[in-house]
1. Just checking, does the stretch 474-489 include any residue being more than 21 Å from R349 (Cβ to Cβ) and surrounded by fewer than 17 Cβ atoms within 10 Å (Cβ to Cβ)?
2. With C379, C406, C400, C384 as the choices, which residue is modelled with pLDDT under 95 and either within 21 Å of D346 (Cα to Cα) or more than 37 Å from the chain's Cα centre (by Cα) (or both)?
3. Those residues that are surrounded by 21 or more Cβ atoms within 10 Å (Cβ to Cβ) and over 22 Å from I195 (Cα atoms), I need them from the stretch 28-62; list them, please.
4. Any idea which of A436, A399, A381, A418 is among the small types (G, A, S) and in contact with a Phe, Trp or Tyr (Cβ under 8 Å, 6 or more places away or on another chain)?
5. Quick check on A48: is it in the same structural domain as L141 (by TED's automatic domain parsing) and either closer than 26 Å to D203 by Cβ or without any contact (Cβ under 8 Å) to a residue 24 or more places away in the chain (or both)?
6. I'd like to check something: does the stretch 154-162 contain any residue that is outside any loop (DSSP other than H, G, I, E, B) and in contact with a Lys or Arg (Cβ under 8 Å, 6 or more places away or on another chain)?
7. Quick check, is V593 of a type in the set (A, V, I, L, M), on the phi < 0 side of the Ramachandran plot, outside the structural domain of L88 (by TED's automatic domain parsing) and touching a helix residue (DSSP H, G or I) at 6+ places or on another chain (Cβ under 7 Å)?
8. Sort out which residues of the stretch 337-361 are outside any helix (DSSP H, G or I) and within 17 Å of Q473 (Cβ to Cβ), and write them in order of number.
Amino acid sequence: MTASPALLPDAPNAAVQSVLGEMFGFSDLRPGQSAAIDAVLDGRNVLAVMPTGAGKSLCYQLPALVLGGLTIVVSPLVALMRDQVRALQLNGIPAATINSDISRADNVETWHAVRRGEVSLLYLSPERLMTERMLRAIGELDIRLFAIDEAHCISQWGPAFRPEYEALASLRDRFPAVPVMGLTATADPTTRADIEAKVFRGDVVSVVTGFDRPNLTLAVTLKDNWKRQVADFVAARAGACGIVYCLSRRKTEDVASMLRDAGHTALAFHAGMESYDKEAVQNRFMTEPGVVIVATIAFGMGIDKPDIRYVLHTDLPASPEAYYQEIGRAGRDGAPAETLMLYGLDDIRMRRVFIEQEESDDDRKRREHKRLDSLIAYCEAPKCRRQMLLRYFGDTTDACGNCDICRDPVETLDGTDAARAVLSAVDSTGQRFGAAHIVGVLRGMKSEKIVSFRHDSLPAYGVGAERSQREWQGIIRQMVASGMLEIDIAGYGGLRFGEAAAGLLQGDATFRFRPDKLGKDKPAKRPKVSAAEAAYDLDAAGVDLLQELKALRLDLAKEKGVPAYVIFSDRTLVDMADKRPKTKDEFADVFGVGAAKLRDFAGIFLVAIEEFAAAE
């Protein structure tokens, strides 16, 4: 069964409403949350697909507290489990995790607490849960719900990488009376169908609330001295918190060093670092303002930092899902945030190589190539990027007005004759040479390679001398994106005809291309207040108070060894700066203040607000 949120009640029931206010300090649920929660409370299996920042965690945390007993949460990363557990504990919710970063003695102590019924939510990795010993042990407990976070990993991570994620499908056989909830922000229709079949065998309520993140500005630009492009982009946003994604470990170190030399607080993060160093980098990123993380994809899953103002990709991501998840780390506070991807023909070749080198079957490789095709088409989009990205996920929208193409529409030119010239050169050279060689032939260059292969005697030689090397490279790149050309990975990156080539050669199709626009990223004008503050429409005094509350929050976070958002979210501090409560009763009305945080933090923040008012 598949249901949209519109088909299920949006108003939370009385028990849910009570827990929502008492434990989390919220008065209302977001779209889709009620649908998912009501379904699981009715004993149904649920697949919840919601955009990043839409509140997926509440979809299982609330039912866990209403149902009683034990909810087991499957999470892919130790750091994510740790932060979520600390956030729940600060809300007065009995949560715990057993993982490899904790001493054996502490893990044993936690397990005893679980067996005594003192833990409501237990966070485990799939590898720890799906051992026969753990499955037997939890079989003796009062389990009311399994929640699988980042559920898209079941479909997209191959069995050679994390086989226990696929093994989660057996939970329904072993515990048939316990509902299972899968949650993800990143699942196209094919992935959703795969999860529904593997985990739920069709017996599931699917709640899909849409994928649009309208506060994110989307942009893609051609690589042209990528180091300068990165430096200019970050310089234009100096003091803002951002993530720069790189393809290799060495590149993260080089870019971080370059940005530090330019005066930014930039830190590298990759899988080759020691656990201690990775944790130190992540803690600085989560607690200090204005930190730029330069990272491989090893960084980011589960990062719940609300004020990331930009995500920059220096290389083409692996797929639309990976791209969407990575840019989704920006702007979780709902305020404007920017994304930029640098991209070139060599990125396509590298990604094809990675797919072919993956230890997986041919069917998986075929699907990964198709996913990459979709991302390349997004990069070469002639109109609204957001429409193309959302269409991939089965969603629709009007032209967004908030992507580079909507803001600066591109003109397309007729390139049919040029494309035929490219195909002629590719064919006459044996469909085995790369783009640089083909461009040299078209432009009539006298390279040693061209002369040695006697390609200077071909009919295609020199027919495109009037076009620049860069223009021909752009045409070839867009022909690859359109399927007229393919990169032959087995042939070391040579170009060969794609499926769409025949139509062009037979005169049944035309080809239009976008002239590449190259130039420096223009620095945005610095606003007098941050985007987050402007978004909440605070007065001048409120802006000043908000800065003091953020500083207080940071001190408390460092004292307790947790990310700042775990103390209070930005939205809570903005509401505090706007309402300026004077009493504990008034403080209780602030967004996100539950009973535990009222008890633990009201006095500290009320004093700060009172002192600010006295100094005005």
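The values are calculated or read from the model by the stated rules, or taken from the named source; none is laboratory data. No experiment lies behind these values; they were computed from the predicted model shown. Methodologically, a virtual Cβ is constructed for each residue, glycine included, from the backbone with ideal geometry; neighbour enumeration extends over all protein chains shown.
1. Within the stretch 474-489, none of the residues are more than 21 Å from R349 (Cβ to Cβ) and surrounded by fewer than 17 Cβ atoms within 10 Å (Cβ to Cβ).
2. C379
3. L29, L62
4. Result: A418 is the single residue among A436, A399, A381, A418 that is among the small types (G, A, S) and in contact with a Phe, Trp or Tyr (Cβ under 8 Å, 6 or more places away or on another chain).
5. Considered against the rule, which asks whether it is in the same structural domain as L141 (by TED's automatic domain parsing) and either closer than 26 Å to D203 by Cβ or without any contact (Cβ under 8 Å) to a residue 24 or more places away in the chain (or both), A48 comes out as yes.
6. Going residue by residue through the stretch 154-162, those that are outside any loop (DSSP other than H, G, I, E, B) are 154-156.
In the following step, the residues that additionally are in contact with a Lys or Arg (Cβ under 8 Å, 6 or more places away or on another chain) were identified as 154-155.
Yes, because at least one residue in the stretch 154-162 is outside any loop (DSSP other than H, G, I, E, B) and in contact with a Lys or Arg (Cβ under 8 Å, 6 or more places away or on another chain).
7. Working: of a type in the set (A, V, I, L, M): yes; on the phi < 0 side of the Ramachandran plot: yes; outside the structural domain of L88 (by TED's automatic domain parsing): yes; touching a helix residue (DSSP H, G or I) at 6+ places or on another chain (Cβ under 7 Å): yes.
So V593 passes the test.
8. L342, Y343, G344
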